[in-house]
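Asks: Encoded as C-alpha cells, here's the structure I'll be asking about.
Quick note: the coordinates plus some simple rules give every number you see, no bench work behind them. In this text, all values refer to a predicted model and were calculated from it rather than measured experimentally. Don't worry about glycine lacking a Cβ; one is built from the backbone with ideal geometry, like all the others, and counts go over all protein chains shown.
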Ligand SMILES: Nc1ncnc2c1ncn2[C@@H]1O[C@H](COP(=O)(O)OP(=O)(O)O)[C@@H](O)[C@H]1O
Ligand SMILES: [Mg+2]
C-alpha cells in the first residue's frame, strides 16, 4: 500500500504573524515523525497540497492519504482537501468535509452540541463592532475567533469584564480573523482534553489529559491563551491520566463521545472540555485534526499513557480509515 502524508503550503504566507510561523514549524516536525512510523510498513511519501496536488496524487498512484491539511483560507478550509480527495476517489484518514466544517466552526459545533444534549458555554457573535453595543451579556466573557485553532486569536486580553475591553478586543479580532467573532460565557473550572478514536459503535476514549494552570505567574489568567500555550508552556502542568474520581471521569468520557458523534467525526479527534463546578463537563470545541507532534501534542501524550504509544496511535488512525474504506484487500502488510 502506498501512503502519502499531505500537508499545507506554509501558512506564514497568509498569516504573517507569530501564529503562522509556529504553525509551519509544527507541521515539519509532524511530517517527519509520522513518516518514520508509516515507512516501517508502507511505501510512504509526503506531498504538499498546492495547485498540482491532483496530478501528483495520480502520478504517484497513492492508495491512502494521511491527511494533515488545515487548508489555507476560508471558513471551511479543513474541508477543502478532503473534498478534493472525494472528488478524485482517494481514501484518506480523518473526517469528511462535513465533519471538519462543523468542527472548525465553533458556532455550528456549539449549536449541535446543544441539540445533542451536550453542555456547552452560552454564546453570541458579532460581524461588526456596532453590533457589540446591542449585546445583552453577563461578564466575564471570552472572545474568540469562530474558526481558528491552537489558541490563535485567544489572548490574555480576550477574557473581558466590561464593555470597553470587549469593544477593544473585538475590534482587534475583526481585523485579523474571519467574522463572526464569538463571545462566550467564561467557564471557570478545571480543563481537560480527551482523545477519541474510532467509528460507528466502536468509538473509544484515550486517557483524559488535564491541563493545570495553577503554576502560572499571577498576572496570567487560568485559561489556555496563546501566550500560555506558547510562552509559558513550562509553567503549564499536564496530568495524564487526569486526577479524577471514577464518576467524573466517566461523565467526561461519555460527554466527549457524545460530542464526537454529534458532529459526525471520523477516525480520531480531540475534545476540549471544562468541568464547571467540579461536576458538569462543558465542551468548548472539537479538534477534528488534532496536532500529532511526537513529543508535544496532547493526543500523543494520551497515547503514551496507555501503552498505545506514538506508533500505535498513528497506526490506529490508519487502521480506522482502512476499515472504513474496506481497504484491507489491497494491503500488502497486515496493520497492527
Ligand atoms: N467558554 C470558555 N470558558 C473558559 N475558557 C475557555 C472558553 N473557551 C475557550 N476557553 C479557553 O481557551 C482555550 C482555547 O479555546 P478553544 O475553544 O479550545 O480554541 P482553540 O481552537 O484555539 O484551541 C481553551 O483551551 C480554554 O482554556
Ligand atoms: Mg482548543
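Asks: Which whole-number percentage describes the relative contact order of the stretch 185-336, with Cα contacts under 8 Å and a sequence gap of 6 or more? List each step's numbers first, then the result.
Replies: Working: 237 pairs, mean separation 39.9, N = 152.
Dividing the mean separation by the residue count of the stretch 185-336 yields 26 percent.
Asks: With labels modelled as points extended 7 Å from the Cα through the Cβ direction, what inter-label distance (nm, one decimal) is found for residue 311 paired with residue 324?
Replies: 2.5 nm
Asks: Additional query: If the chain between residue 261 and residue 296 were fully stretched, how many nm would it gain, using 0.36 nm times the residue separation less the Cα-Cα distance?
Replies: 10.0 nm
Asks: Where in the stretch 147-189 is the amide nitrogen less than 20 Å from a point lying 7 Å along the Cα-to-Cβ axis of residue 21?
Replies: Of the residues in the stretch 147-189, 149-156, 176-177 have backbone N under 20 Å from the label point off residue 21.
Asks: Here's another thing I want to ask about it. What is the packing order of peptides 112-125, 186-199, taking the mean over residues of other C-beta atoms within 10 Å and listing the highest first?
Replies: 186-199, 112-125
Asks: Can you tell me the FRET efficiency between residue 164 and residue 2 if r is taken as the Cβ-Cβ distance and R0 is 51 Å, rounded to the nearest 0.05?
Replies: Step by step, r from the Cβ atoms, then E = 0.35.
Asks: At 222 nm, what value in deg cm²/dmol follows for the chain if DSSP H runs of at least 4 each add -39500 (n - 2.57) and the sum is divided by all its residues, to the nearest 500?
Replies: Roughly -11000 deg cm²/dmol at 222 nm, from the helical runs in the chain.
Asks: Note down the relative contact order for the chain as a percent, whole number, built from C-alpha pairs under 8 angstrom at least six residues apart.
Replies: 19 percent
Asks: May I ask you to derive the relative contact order of the stretch 21-129, considering only C-alpha pairs under 8 Å and at least 6 residues apart, and to give it as an integer percent? Mind dumping the intermediate values first?
Replies: Values: 71 pairs, mean separation 17.9, N = 109.
Reported relative contact order: 16 percent.
Asks: I would also like to ask the following. Work out how much length residue 204 to residue 54 would gain on full extension: take 0.36 nm times their residue separation and subtract the Cα-Cα distance, in nm to one decimal.
Replies: My answer for the length gained is 50.6 nm.
Asks: In terms of the Cα gyration tensor, with a ≥ b ≥ c the square roots of its eigenvalues, is the stretch 1-99 rounded because a/c is under 1.5, prolate because a/b exceeds b/c, or oblate?
Replies: oblate
Asks: Oh, and also: Sort 218-231, 139-152 for me by packing, meaning the mean count of neighbouring Cβ atoms within 10 Å per residue, highest on top.
Replies: 139-152, 218-231
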